[in-house]
Amino acid sequence: MKLPEDKHQGQCDHCKSEVPLDAVVCAACGARWGSSTGKTRQQVYDLGKTKVKMGLVGAAFFAIFFAVTIYFESGWMLLSMALGFLAGPICVGWVIGGIISMRRAKTNLSIQWWRQS
């Protein structure tokens, strides 16, 4: 999904000086245009999508490993149960965190003038 770029109005919110529309740094006070992390909406969305994919791939790997060890009644079954118990919530957290990042990028990511203190 391609997200639209956020443009400023040509004026810095900190020092109220004029800034060219294509500039991302105010020459007068050094404030930067964008999110507090320095990432654009598209970058936040793409990172969230990557987190979701990592969580799903990790969960699929652990599920397949568990199913194979159960099927063959292997001695690795205890290890696969422990991995599922310990790593399963981490994979779920990656998926949920990625979905939250993607949603935040689409709706309410704060894009404004930022100045480091």
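The values are calculated or read from the model by the stated rules, or taken from the named source; none is laboratory data. Keep in mind it's a predicted model, so treat the numbers as computed, not measured. In this analysis, Cβ positions are derived from the backbone assuming ideal geometry, glycine residues included, and neighbour counts consider all displayed protein chains.
Can you give me the number of residues within region 20-53 that are under 14 Å from residue 101 (Cα atoms), of a type outside the set (Ser, Thr, Tyr) and not in a loop (DSSP other than H, G, I, E, B)?
Matching residues across region 20-53 total 11.
Restricting attention to region 63-117, and to residues there that are crowded, with 16+ Cβ neighbours inside 10 Å, of a type in the set (S, T, N, Q) and more than 30 Å from residue 30 (Cβ to Cβ), which single residue is nearest to the chain's Cα centre (by Cα)?
Among them, the one singled out is 80.
How about region 73-91: which of its residues are touching a helix residue (DSSP H, G or I) at 6+ places or on another chain (Cβ under 7 Å) and either closer than 30 Å to residue 42 by Cα or outside any helix (DSSP H, G or I) (or both)?
Answer for region 73-91, where residues must be touching a helix residue (DSSP H, G or I) at 6+ places or on another chain (Cβ under 7 Å) and either closer than 30 Å to residue 42 by Cα or outside any helix (DSSP H, G or I) (or both): 76, 87, 88, 91.
Which numbered condition in (1) out of contact with any helix residue (DSSP H, G or I) (no Cβ under 8 Å at 6 or more places or on another chain); (2) modelled with pLDDT under 90 is the only one that residue 70 fails?
With (1) out of contact with any helix residue (DSSP H, G or I) (no Cβ under 8 Å at 6 or more places or on another chain); (2) modelled with pLDDT under 90 applied to residue 70, the lone miss is (1).
Of a type in the set (A, V, I, L, M) and crowded, with 16+ Cβ neighbours inside 10 Å: which single residue out of 25, 44 fits that description?
44
Quick check on my filter: what residues within region 44-97 are of a type in the set (Val, Ile, Thr), free of Cβ contacts under 8 Å to residues at least 24 places away in the same chain and over 23 Å from residue 1 (Cα atoms)?
Of everything in region 44-97, those that are of a type in the set (Val, Ile, Thr), free of Cβ contacts under 8 Å to residues at least 24 places away in the same chain and over 23 Å from residue 1 (Cα atoms) turn out to be 64, 68, 69, 70.
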